[in-house]
Amino acid sequence: MPLAYIGFGSNIGDKQKYIHNAIRALSKVEGIDLQKISSLYKTDPVGYEAQAQFLNGVAAIQTCLPPLPLLHTLKNIETEVGRQHRTRWGPREIDLDVLMYGDVCLRTPQLVIPHPQMHLRGFVLVPLADIAPDVVHPVFQETISSLLSSSSFRSSCNAVEKEQKPLELGMDKKTRSST
């Protein structure tokens, strides 16, 4: 089964509860095996900046679901957890994004893999580096830790700070990040 990385975030209401509920729902989906969860990070919003800070993280999963059905599964989980669609890049109860799916490069009207902006976003790279520093970005052919340490990115990463240890979902120690 391919290894995929799912970015998650929330900036409305009980952020930790929305994230916890989304990760728990993800872990119960047939065909998805939750492998690791990063620490949570408090981050400033990107795009539409007149909103509350986010809590962000990344989960590693193994899945037999192809990319588009995985995306549909994530959107269903968002709805199940309580997401209401508002302004693009605006406040949200929960957001789940496919960041990478093995070494697949895919471009459809619904989904682009790897996520086209992930290399520019500290709220993606910092938690992804927690759990997969040596994974190679399939377009840039650089490791996540290399992308994170690039000088042009470092200046845009100042707003990211470690918020807490990994979520406790009854997983054994090998499933949680070792940070």
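The values are calculated or read from the model by the stated rules, or taken from the named source; none is laboratory data. Quick caveat: nothing in here was measured; it's all calculated off a predicted structure. Note that we place each Cβ from the backbone using ideal geometry, even for glycine, and neighbour counts take in every protein chain shown. We work out accessible area using only protein heavy atoms, side chains counted, and drop any ligands, DNA or RNA first. Shrake-Rupley method; radii C 1.70, N 1.55, O 1.52, S 1.80 Å.
Summary of values
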quantity: Residue ID - farthest from R107 (Cα to Cα), chosen from residues in segment 141-151 that are of a type outside the set (G, A, S) and either in contact with a Gly (Cβ under 6 Å, 6 or more places away or on another chain) or surrounded by 14 or more Cβ atoms within 10 Å (Cβ to Cβ) (or both); calculated: L148
quantity: Residue in segment 92-101 that is modelled with pLDDT of 95 or more and aromatic (F, W, Y) present; calculated: yes
quantity: Selection from segment 1-51 of residues that are of a type in the set (A, V, I, L, M), open to solvent by 10 Å² or more (accessible area, probe 1.4 Å), in contact with a helix residue (DSSP H, G or I) (Cβ under 8 Å, 6 or more places away or on another chain) and over 21 Å from L71 (Cα atoms); calculated: I12, V46
quantity: Search result, residues across segment 52-90 that are more than 21 Å from V126 (Cα to Cα), part of a loop (DSSP other than H, G, I, E, B) and either touching a helix residue (DSSP H, G or I) at 6+ places or on another chain (Cβ under 7 Å) or open to solvent by 10 Å² or more (accessible area, probe 1.4 Å) (or both); calculated: C64, L65, P66, G82, R83, Q84, H85, R86, T87, R88
quantity: Filter pass, D134 being assigned to a loop (DSSP other than H, G, I, E, B) and at pLDDT 95 or above; calculated: yes
quantity: Filter result (assigned to a strand (DSSP E or B) and farther than 25 Å from M1 by Cβ) within segment 37-51; calculated: L40, Y41, K42, T43
quantity: Hey, E49 at pLDDT below 90, among the acidic types (D, E) and over 18 Å from P127 (Cβ atoms) or not; calculated: yes
quantity: Hits in segment 91-121 (condition: outside any strand (DSSP E or B), of a type in the set (A, V, I, L, M) and either free of Cβ contacts under 8 Å to residues at least 40 places away in the same chain or out of contact with any strand residue (DSSP E or B) (no Cβ under 8 Å at 6 or more places or on another chain) (or both)); calculated: L120
